[in-house]
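*Asks:* Below you will find the structure I want to go over with you.
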Amino acid sequence: MHKNKYWNPQDEILIDAGAFIHGIEFATGKEAILIGKPSPLYFKAALEKIYCNIENGFYMIGDDIENDIKADQDIDGKGILINTGKTKLPLDKNINIKPDFEVHSLKELISILRREI
């Protein structure tokens, strides 16, 4: 599972699994073990699956500032926030998570990767 706060299919914001998982944790007095985003285990397993040595560095491309970008940065990756609608740009000034890069299109993304790699 994951603990996402919301998702927005078809531009409609809906509550996601996070609230329900927290409710189950509260009711049982136990903490859930995450196997999805933003769990470091999830990201590390995915990187291992594609034979990426985490110590060599890596980039995470995502549209969720908390569950993609912060999770990636927590294990020393570089986060590229792509504006697809879930995260609204400019970022709220109260958010202390800062992506390494922000893009609005795949063309911008490719340009950054070409410069960085």
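*Asks:* I'd like the carbon and sulfur percentage of the solvent accessible area for the chain, probe radius 1.4 Å, heavy atoms only, ligands and nucleic acids excluded.
*Replies:* Working: 4700 of 8250 Å².
The nonpolar share, carbon plus sulfur, comes to 57 percent.
*Asks:* Separate question: State, as an integer percentage, the relative contact order of the chain based on alpha-carbon contacts under 8 Å between residues 6 or more apart.
*Replies:* 17
*Asks:* Which value, in Å², gives the accessible area per residue of region 1-92 when a 1.4 Å probe is used on the protein heavy atoms?
*Replies:* 66
*Asks:* Please report, in whole Å³, the volume per residue of the convex hull around the C-alpha atoms of region 1-78.
*Replies:* Convex hull of Cα atoms, per residue: 98 Å³.
*Asks:* Where does the chain land at 222 nm, in deg cm²/dmol rounded to the nearest 500, when only DSSP H runs of n ≥ 4 count, each adding -39500 (n - 2.57), divided by all residues?
*Replies:* -9000 deg cm²/dmol, from helical runs alone.
The values are calculated or read from the model by the stated rules, or taken from the named source; none is laboratory data. None of these values were measured; they are calculated from a predicted model. When the accessible area is computed, the model is the full protein with side chains, heavy atoms only, and any ligands, DNA or RNA have been set aside. Shrake-Rupley method; radii C 1.70, N 1.55, O 1.52, S 1.80 Å.
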